[in-house]
Structures are given as C-alpha cells and as structure tokens.
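Below: the structure, in structure tokens.
The values are calculated or read from the model by the stated rules, or taken from the named source; none is laboratory data. Since the model is a prediction, treat every value here as computed from it, not as a measurement. Positions of Cβ are generated from backbone atoms using ideal geometry, with glycine treated the same way; all protein chains shown enter the neighbour counts.
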Amino acid sequence: MEQQKTGKFIAEMRKEQGLTQRELAEKLMISDKTVSKWECGNGLPEISLMLPLCEILKISVNELLTGKRLQSSEYKKNAEDNLMKLINEKEHAKRSLWLGIIAFIPAFLAGITLIMIAGYFDLEVWQRIVLIVIAVLTIAAGLTVAVVLEVHSGAFECANCGKRFMPKMGAYLAGLHTATRRYLKCPYCGQSSMCIRRFSLHEETEEEK
C-alpha cells in the first residue's frame, strides 16, 4: 500500500460519503487525528480497522489496498495482486506463530533447569532464591514473546456473524481457548463465542479463492 495514494483515496471516499474526519473517526472509535494522519499519507490503517473502514466508505478491500476505484476490467488484475499480498500475510502470520513457539520452548527449558539446580544442589538460601527468580523471569519472558507473536499471527473469525477481527491483548489473554479457538467478544455483532483462528484478517473473495 502506498501511503500517499491510499491517504488521498480515503479522503476522497470520506467526502463522497459526506463524512467529516471526526465523524469517520467516531464510527471507527479512534481519534480524528488518526484519520488526518492517514489522509496526509503519514500512516496506514491498522489491519483490524480495514474491514470496518471499507464498510463505512462503501469500498472493497481490494480498492483500499490499491488506492482507487476499480472498474470490472481492472478488478481481476488487482484482485490477483492483492491475493499475493494476502498469501504473504498468511505466511507471515504462520511464521510469527512458529517463532512464538520456538521462543517459548528454550526459555521454558532454561527456567526448569535453573529450578532443578536450585532444588538439587547444595547452595546458600540466597543463591537458591536468585536462581528461582531468574528461572521465573526467563519463563515469563519466553511466554510474553510467544503471546505477543501469537496475538499478531492472524485474526479470529466470529462464530455468530463470520466477521474477522484482531482481539485486544487483555481479551486475548482472558479468553478460554483450545488449540484453534478462543472465547472472545466480536466487536461487530457484540456476541461472545468460540472464535476460530484464521491466518488472515481479510476474507477471501471468489476471485481470490
């Protein structure tokens, strides 16, 4: 996405819908300064805001990614280009998920090793305490990295309305989960359900499948 081109397109579509920057910001529950930043070409919408932004501006994700209205003759070509971006996004999400797992395992093993050393070897009390503290911090650091990478490794699809969204960190950590699902509240329909993990925020269109 080219920031300047996308920003100008967002501004044009906002005005076409008869919205001010503040009104658009209120619909997206963000500040009008953020909208102004997009339109000036100094930033791009976060992934979690792209779908609701497109719905408000009455454009497709392909058009937002391209930065212009697409005619039927252009749509297929741009859909193909954006499909490649979607594939890359999915691959990046999968890599992030695996990196999180890879980061946690050695940290966990190192922490357990330190705890075993503190428990089995003849050490001073303060030495045991130091080793246990280091072990806990090591495991916590590995877990933090894993969670952060996992949260940003895609999106979740609501079981009720089918919309995809990226949860906030607090909701993600608090949600009951299985290997592929997590109990979350959908920001679109407001219902809580066991949402399924997807490796892309964007749903594939028929042209992209």
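Details
- The conditions of being closer than 27 Å to K168 by Cα, part of a helix (DSSP H, G or I) and of a type outside the set (S, T, N, Q) are not met by K15.
- Matching residues, the range 104-145, being closer than 28 Å to Y172 by Cβ and among the small types (G, A, S): A107, A110, G111, A135, A140, A141, G142
- Matching residues, the range 162-183, being within 18 Å of P52 (Cα to Cα) and surrounded by 13 or more Cβ atoms within 10 Å (Cβ to Cβ): K163, R164, F165, M166, P167, K168
- Residue satisfying condition, being of a type in the set (G, A, S) and under 15 Å from S193 (Cα atoms), within set A107, A174, A141, A135: A174
- Selection from the range 1-10 of residues that are touching a helix residue (DSSP H, G or I) at 6+ places or on another chain (Cβ under 9 Å), part of a helix (DSSP H, G or I) and more than 15 Å from E55 (Cβ to Cβ): Q3, K5, T6, G7, K8, F9
- Residue check, M13 in contact with a helix residue (DSSP H, G or I) (Cβ under 8 Å, 6 or more places away or on another chain), aliphatic (A, V, I, L, M), more than 29 Å from A179 (Cβ to Cβ) and at pLDDT below 75: no
- Candidate set: the range 61-97, residues that are loosely packed, with under 15 Cβ neighbours inside 10 Å and part of a loop (DSSP other than H, G, I, E, B); chosen: the one modelled with the highest pLDDT: R69
Residue by residue, here is whether (1) within 10 Å of the chain's Cα centre (by Cα); (2) closer than 22 Å to T180 by Cβ; (3) of a type outside the set (K, R) holds:
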position: I132; (1), (2), (3): no, no, yes
position: V136; (1), (2), (3): no, no, yes
position: A140; (1), (2), (3): no, no, yes
position: L149; (1), (2), (3): yes, yes, yes
position: G154; (1), (2), (3): yes, yes, yes
position: C158; (1), (2), (3): no, yes, yes
position: C161; (1), (2), (3): no, yes, yes
position: F165; (1), (2), (3): yes, yes, yes
position: K168; (1), (2), (3): yes, yes, no
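- Search result, residues across the range 1-55 that are in contact with a strand residue (DSSP E or B) (Cβ under 8 Å, 6 or more places away or on another chain) and crowded, with 19+ Cβ neighbours inside 10 Å: L51
- Qualifying residue in the range 51-62 (condition: within 22 Å of the chain's Cα centre (by Cα) and among the basic types (K, R)): no
- Among residues of the range 98-111 being in contact with a helix residue (DSSP H, G or I) (Cβ under 6 Å, 6 or more places away or on another chain) and hydrophobic (A, V, I, L, M, F, W, C), the one that is modelled with the lowest pLDDT is L99.
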